[in-house]
Amino acid sequence: MSPLSLDEAARIVLGHFAPPHCPHSFEALGNRGGFSSARLWRCEGALGSSCLRAWPAGEPSPHRVGWLHHLMTIARRAGLSVVPEVFATLSGATWADHAGRLWELQSWQPGRADFHESPTPARLQAACSVLARLHVAWETVRPESGPCPAVERRLRAVRGWQGLVRSGWCPRFSRSGENPVDPWAERAWRLVSAWIDRVPGLLEPWRERPLALQPCLCDVWHDHLLYDGERLTGLIDFGAVKVDHVAVDLARMLGSLVADDRERWDMGLRAYREVRPLSGEEEALAVELDRTGTVLGAANWVRWVYHDGRTFEDLAAVTRRLGVLVERMERWPPLL
């Protein structure tokens with residue numbers, strides 16, 4: 001569907017929502033720097049700004065969207081105003097089905113994703129405290145016990161990569177300079193080749209270990225944390241939520257915000273522990289999930305672009321994401 005057609009579909013969908021939330025104007029934002037085919041609009045109405053989202057065509061299921069909205073509502077009721085409020089349609093549902101997509105309308109969270117421009121201790125502590133509060137709010141929702149699912153996902157990704165390489169696949173990098181991803185991907189290829197066989201050994205101690213599991217964000221990173229000054233004002237994008245171990249969120253967030261700065265890792269973990277208990281074992285798991293996730297994140301980008309043929313609207317954003325992973329791995333000590 002063309003952008004113009006999607007804008008018309010958005011106009012129709014907005015009519016499904018109750019009058020207080022039905023906006024008088026909206027602005028198309030594309031995918032707002034994201035990497036999926038979701039689309040966003042900023043809407044203005046009598047109650048202020050809201051965000052209309054069209055999920056990618058054909059996914060996720062209505063059941064999953066309803067579950068995500070349920071979790072967001074639980075977080076809001078626990079006092080987490082940084083989590084967007086989900087608005088109901090005239091039928092009482094929190095999503096609408098139109099033009100082959102599911103749609104949702106949420107409050108617009110103010111602020112900017114600019115932690116790296118001002119990486120102060122107060123900002124880091126705010127992010128970790130809010131994450132802990134979210135985990136507390138969700139800990140009684142589908143609590144389980146078992147091995148950490150993030151560990152198995154990483155081991156599965158390693159097996160997939162190794163299978164591709166054994167089959168003879170090798171990415172082809174252009175020398176024309178037309179694709180800005182190529183130089184970073186070539187460096188990533190070399191680094192992943194050096195590190196990926198070490199990933200199973202780093203994760204093996206955790207593969208069968210039973211741990212407490214609960215809903216986790218699973219993709220809480222720099223661009224999903226909005227700030228106004230020192231204050232965290234938005235925690236956005238709940239699309240990757242899964243039942244997992246809380247260490248997966250700590251790994252993703254701290255790795256994204258402070259990379260390998262162990263002093264700031266300790267600062268963030270202390271802020272988290274002030275709200276929610278965290279054992280030394282769980283902290284150690286977060287460190288290993290971060291390190292192995294960095295290697296596999298680089299591998300994923302190379303595979304997606306050069307094997308799977310995935311296309312992305314914003315190649316500059318892809319280049320930045322891959323560049324961060326590559327530069328971080330290049331700062332690691334040489335392999336023994």
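The values are calculated or read from the model by the stated rules, or taken from the named source; none is laboratory data. Predicted model only: the values in this text are computed from it and were never measured. Quick reminder, even Gly has a Cβ in these numbers, built from the backbone with ideal geometry, and neighbours come from all protein chains shown.
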Would a scan of region 142-161 turn up a residue that is within 23 Å of the chain's Cα centre (by Cα), under 18 Å from residue 252 (Cβ atoms) and acidic (Asp, Glu)?
yes
Mind listing whichever residues of region 13-50 are closer than 12 Å to residue 107 by Cα, modelled with pLDDT of 85 or more and either of a type in the set (A, V, I, L, M) or surrounded by fewer than 20 Cβ atoms within 10 Å (Cβ to Cβ) (or both)?
42, 44, 48, 49
From the set of residues in region 100-141 that are hydrophobic (A, V, I, L, M, F, W, C) and in a loop (DSSP other than H, G, I, E, B), which is farthest from the chain's Cα centre (by Cα)?
141
From the list 320, 252, which one is assigned by TED's automatic domain parsing to the domain that holds residue 174, part of a helix (DSSP H, G or I), in contact (Cβ under 8 Å) with a residue 24 or more places away in the chain and farther than 23 Å from residue 164 by Cα?
252
Examine region 120-136 for a residue that is out of contact with any His (no Cβ under 9 Å at 6 or more places or on another chain) and within 30 Å of residue 11 (Cβ to Cβ), and state whether such a residue exists.
no
Just to be sure before I move on: is residue 208 more than 23 Å from residue 128 (Cα to Cα), in a loop (DSSP other than H, G, I, E, B) and in the same structural domain as residue 273 (by TED's automatic domain parsing) in the structure I sent?
yes
Considering each residue of region 274-287, count those that are over 22 Å from the mean Cα position of the chain (by Cα) and either assigned to a helix (DSSP H, G or I) or of a type in the set (Val, Ile, Thr) (or both), and give that number.
3
Among residues of region 80-92 being in contact with a helix residue (DSSP H, G or I) (Cβ under 8 Å, 6 or more places away or on another chain) and part of a loop (DSSP other than H, G, I, E, B), the residue surrounded by the most Cβ atoms within 10 Å (Cβ to Cβ) is 83
